[in-house]
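Enquirer: The structure follows.
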Amino acid sequence: MKKVGFVGLGNMGFFMSKILSLNNYVVSGYDVNESVFQTLKEFKITQAPTLSEIAHENDVIITMLPDGIIVEEVWTEILNDIQSKTLLVDCSTIDIKTCKKIHNLAKNKNILSLDAPVSGGTIGAENGSLTFMVGGDDKAYKNMLPLFEVMGNKSILCGHAGSGQATKMCNNLLLAITMSGLGEAIQLANSQSLDMEKFYQVLSTSTGSCWALNNYCPIKNIGPTSPADNNFKPGFSSQLMLKDLTLALSASLQANLNLNIGKKVLENYQKLVENQEGHLDFSNIINYNE
Ligand code: NAD
């Protein structure tokens, strides 16, 4: 498992492919945005001219793409030319229906596949400290484990094909809710003229502490460096968070569940995207609690 093809070298794929290369994997990349290779070449990542070349050349192929439609297109093209014994792993966050469909496309060609969406954001991708939530069979998981260990701190085989995506959907529902709740606490703190550094020091070690505050504090110049210190340049865009919330809400409808808080948070992300701020980081939601 030494040769890796990496498709989708955006905010996340850039760092994930870089860390694999720095750990002696031979990485070739493919992205429709060719400008990403200007920097990646410094890290010995070669640019594959076509998906067909990615399909022919590698022991494992990882996709890290915006949504299910694109992932299905890319997997279909790769599977046309893939070599037997290549492992296909999708780390994007996509809907479960498409996820199961692409697993089946791979199975029909006797290709092992995994869904392995991630948590930890661009910081986790850069540090190699992502958490992988994996769906698929044990053999494929064991083959991929050394690469998960380079890119992340933790990988859990959650169960059958699609279980990784189902777990990710629940995680991001909770993340969007905690970030929105944090926004309300910040607004209340500001209304009481609190010193925000002290507010951070107390809450980050109290029962209100959470990943959104402790690791991704959305207040400028407070806590660890985050998109709030860079005019909310992502990071993880609100557009992508809206996609994840839409996946969660649509799964809840199919399961006859009523996610009251999730629905309200989704509406706020919709407003943000309608106001042309979807490209900014999801933590910008703290300015949209209505
Ligand atoms: P991104 O938009 O920064 O990167 C996606 C990359 O895919 C871009 O470079 C784009 O040019 C490329 N691309 C698009 N269509 C393509 C195609 N047909 N063929 C080849 N390349 C193509 O997105 P991101 O933030 O890196 O997120 C990628 C995935 O990871 C998404 O599914 C997202 O939900 C998920 N995710 C993101 C984060 C985060 O913090 N950014 C965290 C966890 C999961």
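Values quoted throughout were computed directly from the atomic coordinates according to the rules given, and no laboratory measurement underlies them. These numbers come from a predicted model, not from an experiment. Note that each Cβ is placed from the backbone with ideal geometry, even for glycine, and that neighbours are counted across all protein chains shown.
Enquirer: Please state which one of ILE54, ILE102, ILE111 is in contact with a strand residue (DSSP E or B) (Cβ under 8 Å, 6 or more places away or on another chain) and assigned to a loop (DSSP other than H, G, I, E, B).
Expert: Within the list ILE54, ILE102, ILE111, the selection yields ILE111.
Enquirer: I'd like to know if segment 164-174 contains one or more residues that are surrounded by fewer than 22 Cβ atoms within 10 Å (Cβ to Cβ) and not in a helix (DSSP H, G or I).
Expert: No, segment 164-174 has no match at all.
Enquirer: Right, something else. Filtering segment 28-51 down to residues that are of a type outside the set (Ser, Thr, Tyr), part of a helix (DSSP H, G or I) and loosely packed, with under 14 Cβ neighbours inside 10 Å, which residue is nearest to the ligand (Cβ to nearest atom)?
Expert: GLN38
Enquirer: Given the criterion of a type outside the set (Gly, Ala, Ser) and touching a residue at least 40 places away in the same chain (Cβ under 8 Å), identify the matching residue among LYS263, LYS198, LYS220, LYS233.
Expert: LYS233
Enquirer: For segment 68-94, give me each residue that is away from the ligand (no atom under 11 Å from the Cβ) and part of a loop (DSSP other than H, G, I, E, B).
Expert: ILE82, GLN83, SER84, LYS85, THR86
Enquirer: Return the pairs, sorted by first residue and then second, in which the second residue is assigned to a loop (DSSP other than H, G, I, E, B) and more than 9 Å from the ligand (Cβ to nearest atom), the first residue lies in segment 84-97 and is among the β-branched types (Val, Ile, Thr), the beta carbons are less than 8 Å apart, and the residues are 6+ apart or on different chains.
Expert: THR86/ASN58; THR86/ASP59; THR86/ILE111; VAL89/ALA116; ILE96/GLY162
Enquirer: State all residues of segment 3-27 that are within 13 Å of the ligand (Cβ to nearest atom) and of a type outside the set (Phe, Trp, Tyr); if no residue qualifies, say none.
Expert: GLY5, VAL7, GLY8, LEU9, GLY10, ASN11, MET12, GLY13, MET16, SER17, LYS18
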